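One structure below.
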Amino acid sequence: MTNQPTPGWALVIHGGCGRMTRAGIDAEHDAGYRAGLAAALTAGRAVLEAGGSAVDAVEAAVRALEDDPRFNAGRGAVFTAEGHNELDAAIMDGATRAAGAVAGVTRTKNPVSLARAVMAHSPHVLLAREGADRFAVEHGVEQIDPGWFRVDERWQALEAMKAAAAAGESVFDKSLKYGTVGAVARDAAGHLAAATSTGGLTGKRWGRIGDSPLIGAGTWADDRAVAISATGSGEDFIRLAAAHEIGARIRMLGERPQDAADIVVQHELKAVDGDGGVIFVGADGSFGWSLNTLGMFRAAVSSTSNPIVAIYDDEG
Ligand code: ASP
């Protein structure tokens, strides 16, 4: 999907990808996901319409998705094998290529805002685990009892995974539905930004960290090319440096953002047996997404086009 280059602002968000089919999602859930996406789109759009920055817009949209228990980020994050929620997030400013990220935080209500604080108030890019939560306290980023993240449906998913493991089934089967949220924006001044936030994979162990908080893998923004947020089999996005790869193709080969995203997602990612999708906004103002799964929760709006909210691969 793509729209023609626009000189104004644009915003695209996602809420994860996977085996989403009309048969597998009932009408009530379908409507709930769409309402959650629409609300997050409105939050980001309000920033851009008021002349705010792309960085503020992606943070606002991702905070809304983190607070929505339907999506695997913030409240509603999946559980680790030990029954905890460990949250990862990143944000990048395409104007300066400043970036901030956190991995494995457990007490920060909105990890994307902590990633932003890392970007704004530390000399570092990526902070992890207790140290990252400590940094949050020192910088007044809201802390919360870890019980706030818990949603029963996610707990049941962990129980189901444990039962499958006990029965000898492969539990990190790539047919799993991925969840992660993200936003990319171009503001009226032409600056780009990207943000991504996730609980990672159900049953993750050993301090596993995926692509979302790794700059260049699941999150990337560069005013010379594109802003990207990814969702899918994180290890494959890390191997490909997928988000950066899309930007590099645009910058060095002169490809259109949609074409670069399609090549990386439909071909390069598939070639390593990876599943997933990306959303993008190009420096040229074009915006859209590319996915190689059956669905991706996603939505877009720009200064010259009406909002689109989509779930299944044939929409939008
Ligand atoms: N990419 C995320 C990760 O590997 C998962 C997802 O998108 O659902 O942590």
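The values are calculated or read from the model by the stated rules, or taken from the named source; none is laboratory data. Nothing here was measured: the structure is a model prediction, and the numbers come from that model. Every residue, glycine as well, gets a Cβ built from its backbone with ideal geometry; the counts of neighbours run over all protein chains shown.
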Among the residues of the stretch 116-131, the number that are surrounded by 19 or more Cβ atoms within 10 Å (Cβ to Cβ) and without any contact (Cβ under 8 Å) to a residue 40 or more places away in the chain is 4
Of the candidates A73, A99, A23, the one satisfying the condition of being farther than 17 Å from P307 by Cα, more than 14 Å from the chain's Cα centre (by Cα) and in a loop (DSSP other than H, G, I, E, B) is A23
Scanning the stretch 219-272 for residues that are touching a helix residue (DSSP H, G or I) at 6+ places or on another chain (Cβ under 6 Å) and aromatic (F, W, Y) gives W220
Residue pairs within 6 Å by beta carbon, gap of at least six or interchain, first lying in the stretch 137-149 and within 13 Å of G74 (Cβ to Cβ), second among the hydrophobic types (A, V, I, L, M, F, W, C) and not in a helix (DSSP H, G or I), listed first then second, are F149/A77
#### Entry: Filter result for D236 (away from the ligand (no atom under 12 Å from the Cβ) and more than 19 Å from G15 (Cβ to Cβ))
no
Being in a helix (DSSP H, G or I) and over 18 Å from G182 (Cβ atoms) narrows G32, G52 down to just G32
Exactly one of V58, V105 is over 19 Å from R154 (Cα atoms), crowded, with 24+ Cβ neighbours inside 10 Å and of a type in the set (V, I, T), and that one is V58
>> Condition first: aliphatic (A, V, I, L, M), surrounded by fewer than 21 Cβ atoms within 10 Å (Cβ to Cβ) and more than 26 Å from L201 (Cα to Cα). Can you find one or more residues in the stretch 259-278 that meet it?
In response: no
Q | Test: G210 is within 8 Å of the ligand (Cβ to nearest atom) and in a loop (DSSP other than H, G, I, E, B) | A | yes
So, first residue within 12 Å of V272 (Cα to Cα) in the stretch 226-249, second residue among the charged types (D, E, K, R) and more than 10 Å from the ligand (Cβ to nearest atom), Cβ within less than 6 Å, six or more apart or across chains; the pairs are S233/K174; L240/E268
Of the candidates A230, A185, A195, A217, the one satisfying the condition of being within 10 Å of the ligand (Cβ to nearest atom), at pLDDT 90 or above, in a strand (DSSP E or B) and within 19 Å of the chain's Cα centre (by Cα) is A230
Open item on the list: Tell me whether the stretch 243-266 contains one or more residues that are within 24 Å of V55 (Cβ to Cβ), within 15 Å of the ligand (Cβ to nearest atom) and not in a helix (DSSP H, G or I).
Closed with: no
query = Would a scan of the stretch 5-23 turn up a residue that is at pLDDT 95 or above and β-branched (V, I, T)?
reply = yes
Checked pairs for the stretch 209-222, first aliphatic (A, V, I, L, M), second near the ligand (Cβ under 6 Å from one of its atoms) and in a loop (DSSP other than H, G, I, E, B), C-beta under 9 Å and 6 or more apart or across chains, list as I209/G200; A217/G210; A217/D211
